[in-house]
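Engineer: Take a look at the following structure, please.
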Amino acid sequence: MRSVSLVSLAVLLGILAIYVWRARAASSVNGWFAILTFTIAGWVLGIGGVESGSYTEFWGRLTFASACMMPATFLAFSRVFPATSAWPSSRFLTITLSLGIVLATLSMVTRLIASDISLTAVGIQRKSGAMFPVFTVYFLSCLIIALGIFIHKWRQARGLARAQLQHLGTGLIILSASGITTNLVIPIVTGSSVYSWLGPYFTLPLVALVGHAIIRHRLMDLRIFISRGLSYALSITIASALIISATHLIVPESRIESLVVSADVFIIAMVVIGLLSSPFQKFLGDIVDPYLYRGRIDYALSLREATHQLSRLMQPRELSAELRQILTNIFVPDLFAMLVRPSENEALELVSDDPPALVDFLTLARLITPRAGPTVLVVDQAQEGGSGPPANKALRAAGVELVVTLGRRGQLLGAILLGPRRSGDAYFKGDLIFIESIAELASIALENALLYKQRIQMLEYSERLLESLDSAVVAIDLSGRITSFNPAAKKLLGLVELGHDVFLDVLPSEIGWALALAITNSWHPREVEVAIDRDSQGVLHMILSTTILHDDQQRTAGALAVVTDLSAVKALERNQRRVEHFAIMARFYAGIAHEIRNPLAAISNLISMLPDRFDDPEFRDTAVRLLPIEVARIVGLADRLRLMAPSEGGKLNIVSLQPLLNDIVALHSPAAKEQRIKISLSYPDKLPNVLGDPGQLIQLFLNLLRNAIEAMPDGGTLTVEAEHRAGRLSDSVIVRVIDEGLGIAPSVRGYIFEPFFTTKPSGTGLGLSLCREIADFHRARLTLRPRTPLLGTVAEVAFSSAPTESPSR
């Protein structure tokens, strides 16, 4: 039974070692703790194996081998826990570990340490070897050095480090008072290990307490735990002794001996139950605890007082002063600093008064990890060799032990930095819970403080804005009395410093009437242009706007007028109109010149074909028919140099579209072939005529055809098609020019018909604008839409059919 429980204990120790090591594998503290715990587990496993009665020699040697490694690993752990100390040096630790390995090897393979290990009726027996005194000196020496390191660190440590050492010291006291006595002192004195099976159980408190101190920052105050335990033990002892003595004096001995259960055991049990009851708990809390705990903090009372102090509206610096007072009265930290984040996109800034010198809080602010809500973070110890996070190292070096982040509604508002307590105590679990409650209150107060600060800044900004505005601002109350005005009103409206009973009749009549009507809800002008006759400056053009002012209950409290001088704007507008007029004329003339190039290009094409096709009758007929038309177009464009609309001078006649489209395609097909573009023309045999101006229609289709060709730099097929669409009320003729280009970007479709808008590097932006004007003149509808699902654009012109008559050409 002993062997099973000891093996289970060894497994449990191994699990604890792995758990603590995996919590932070890169930390030297966690690593050496795991190694120390594994050596303890090996020692416990060896004792459990001997207790099983099988292979006792092997298990006994394993016990001594593990015991040889325990002092060295404990010494290495004492050096790095909770923070690495300069002594003992790494070289000394290497020598100690090497000696432990040598002794462990001798224990396993020789009889120099111990031998003839067996389990007898009186316990585990063994014979000491020649090297056993060396092992004993080595064990005790390492233990004494480790205890010296522990005492040195204890005297210098503060805060969390001191609390962690409290856990180590408590575990060492339990182990020293029991395990070392049963497994080292008694065997050395008696030469027998009768009670050695008890020793391993006392290692579990040590491992559990130290492991908890390593992986947890919210530690309980062991002094309170031990004090309360001692108070209970003392109370039970005294009460039991008194009651037992009184019982023996009052009740005869014969009656006591006749009881089935021992009277003393019964009395002790009843005392224990009574001390666990609520009345005694209250007595202990009111009388004993304050003495034992050296004046325990009343968190409930402190929280009520803090709630009262933080409930009023104040600026961030005032809030910082209140929090400093609250936390200093309770914990007395070496350092207090408060950082505030004025807005979401800004960095934290220091708002504390008289911060400690030599601490760059703005650098520390950049190291704080943003958190949305109130949290309390304990800064880790900075480990030697760079094993700790850089932020923790910098914060610890600056004397920061707690980082309290403040936030509301998912937004970081600020942070509080607290140093170690001057008493040397740590911030224990109860302290951290109290600080979290304070952080919640402080987050609400800080949110209100930032809003209050923003409101004050907005009011100051409004005042500065009114002072710097060039517009005149005048406010009146319900009685018509002027309550305020800005400096611009003095200059613009001729106002002077007024008394308390100056009414709106001193204002120009236009502004006075506007304010009077605004108060009565009769008229609320918004950016209305008015002219005010000033004797000294003449007639001034101004923009006038009024608005109603309301009080907290949304009742009308007055009116406000804003008057802006337009004199400079009017002058600028006149100059701008002149400049724009000249620019438009220049661009329009450039566009007309561009349009003249189209008929000139057609004439040039016909002339270039004269040497080769002069004897061709069809060519001569085409040239005779088209040359006068193109020349007439040039003359028409020249006549329109001063006109923006092509419709003026146009005359509508009956026009057949088939020959017109045939001529245009025939004229431009040769040039299109050179660009690897094939022009395809299709229309029905019977296509209704339309009302139009042939010259303008040629200009319309030529512009659409040229745009389509320019949209197809890689070649392809350009389709020109016409169709007749019959309707119940009217017939229409639709002409489409379909290209296979890249199409028109959706972002520019709304601007393609605007004058001077172009996406071409050398374009004028008049082509499609003139096409739209020509279409509008013919009461036709011109649209450009994407060619879906293929790439390209469809330019569609829809004409109304003309009455059936002979065409004009």
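The values are calculated or read from the model by the stated rules, or taken from the named source; none is laboratory data. This is a predicted model, so every value here is computed, not measured. Side chains included, ligands, DNA and RNA excluded: accessible areas come from the protein's heavy atoms. Shrake-Rupley method; radii C 1.70, N 1.55, O 1.52, S 1.80 Å.
Engineer: What accessible area, in Å² to the nearest ten, does a 1.4 Å probe give for Lys429?
Structural biologist: Surface accessible to solvent at Lys429 totals approximately 110 Å².
Engineer: If you don't mind, there's one more thing I want to ask. When the accessible area of segment 1-155 is computed with all protein chains present and a 1.4 Å probe, what percentage of it is carbon and sulfur?
Structural biologist: Taking all protein chains in place, segment 1-155 shows 73 percent carbon and sulfur surface.
Engineer: Compare Asp565, Asp425, Asp776 by solvent-accessible area with a 1.4 Å probe and give them largest first, with all protein chains kept in place.
Structural biologist: Most to least solvent-accessible, the answer reads Asp776, Asp565, Asp425.
Engineer: Right, next: Give the ranking of Tyr55, Tyr19, Tyr452 by solvent-accessible surface, highest area first, calculated with a 1.4 Å probe.
Structural biologist: Tyr55, Tyr19, Tyr452
Engineer: Rank Trp513, Trp154 by accessible area, highest first, at a 1.4 Å probe radius?
Structural biologist: Trp513, Trp154
Engineer: Report the equivalent ellipsoid semi-axes for segment 684-744 in whole Å, largest first, defined as the square roots of five times the eigenvalues of the gyration tensor built from alpha carbon atoms.
Structural biologist: In descending order the semi-axes read 26, 15, 10 Å.
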